[in-house]
1. Give me the pairs, please: first residue somewhere in the stretch 98-126 and more than 23 Å from residue 14 (Cβ to Cβ) and hydroxyl-bearing (Ser, Thr, Tyr), second residue anywhere and part of a helix (DSSP H, G or I) and at pLDDT 95 or above, beta-carbon distance under 8 Å, and either six or more positions apart or on two chains.
2. Tell me which residues, restricted to the stretch 197-228, are within 22 Å of the chain's Cα centre (by Cα) and of a type in the set (A, V, I, L, M, F, W, C).
3. Restricting attention to the stretch 11-53, which residues are among the charged types (D, E, K, R), in a helix (DSSP H, G or I) and more than 17 Å from the chain's Cα centre (by Cα)?
4. Could you tell me which residue of the stretch 165-186 is nearest to residue 216 (Cα to Cα), considering only residues that are hydrophobic (A, V, I, L, M, F, W, C), at pLDDT below 95 and surrounded by fewer than 21 Cβ atoms within 10 Å (Cβ to Cβ)?
5. Going by the conditions given, is residue 195 surrounded by 15 or more Cβ atoms within 10 Å (Cβ to Cβ) and either out of contact with any helix residue (DSSP H, G or I) (no Cβ under 6 Å at 6 or more places or on another chain) or not charged (D, E, K, R) (or both)?
6. State which residue pairs qualify: first residue at positive phi and inside the stretch 171-200, second residue basic (Lys, Arg) and crowded, with 18+ Cβ neighbours inside 10 Å in any location, beta carbons under 7 Å apart, and separation of 6 or more residues or different chains.
7. With respect to residue 74, is the statement that it is on the phi < 0 side of the Ramachandran plot and at pLDDT below 90 true?
8. Filter the stretch 16-30 down to the residues that are more than 23 Å from residue 212 (Cβ to Cβ) and either surrounded by fewer than 19 Cβ atoms within 10 Å (Cβ to Cβ) or touching a helix residue (DSSP H, G or I) at 6+ places or on another chain (Cβ under 6 Å) (or both) and list them by number.
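The values are calculated or read from the model by the stated rules, or taken from the named source; none is laboratory data. Source: prediction; values computed, not measured. Ideal geometry is used to build each Cβ from the backbone, glycine not excepted, and the neighbour counts take in all protein chains shown.
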Amino acid sequence: MKDKQHIVLSGDFIAYTSLSTEEKTNLEQSLYNLFDQLQEKFDTFSRLIKGDYLECVVPDPANGLSVMLAIKTFIKSLEIEDKPENNRSKVFQTYSIRLAMGLGTLDRFDIANNIIDGDAIYRSGRAISDESTHNKERMVIKNTLFFSSDNEELTFNIETILALLDHLLARATSRQNEVLFLKIMGNSEKNIAKLLSVSQSSINQHSTASGWNGMDKSIRYFSHLLSALT
């Protein structure tokens, strides 16, 4: 365990306080459903802390970007009421969650006792705390996706890709994010069309408009790169 590389994702919801009590409850229930899906496909272990913070262990680092983007697109696909009197609700709709990947070892990973300890989670946690907007009157959000490792060149390369993906996702609609999530989870356009009760051409249009081709290539590149390194 000590020598094996893991990726740990830490996530901090942006403008969480703008959500109503009902929306927070629905978000929490949706997240537990997401955690089950991620576990089934990527063998992850996820937990929600204090309602507005999550952690996810990805045993195979090659799956790290897929899991990060699955979480991001899933949350952005959820319908949140626009509240004109609360500017932060728009911020949540646009950015939803700040996510950081930490690549490193885990000294202790005990699911039964809910223990995650080691370099990987330290890195993801530090990256999130450095970018947190909690208790700040004015929100300035430049990026929401981050990567940390002990390899400076790797970190630079991955963060460059994440900055571009961040730009795409900030502009994607709720339906586009739903399509992206289902694609990341391995569904074909034909299957997605059936799931959403729309035409396959509509799914293709959403995919093109949201930049799926570039996202798919980024996921493949990340997987290839991390497979070679770990």
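1. Note: pairs meeting the criteria are 105/119; 105/120.
2. Selection gives 203, 209, 212, 215, 219, 222, 225, 226.
3. If we filter the stretch 11-53 for residues that are among the charged types (D, E, K, R), which is where we start, we get 12, 22-24, 28, 36, 40-41, 43, 47, 50, 52.
With the extra rule that they be in a helix (DSSP H, G or I), the set shrinks to 22-24, 28, 36, 40-41.
Across the stretch 11-53, the qualifying residues are 22, 23, 24.
4. Ranking the candidates gives 168 first.
5. No; evaluated as a whole, the condition is false for this residue.
6. Close Cβ pairs (under 7 Å, with a partner that is basic (Lys, Arg) and crowded, with 18+ Cβ neighbours inside 10 Å) do not exist here.
7. No: the conditions fail for residue 74.
8. Result: 17, 18, 20, 21, 22, 23, 24, 25, 26, 28, 29.
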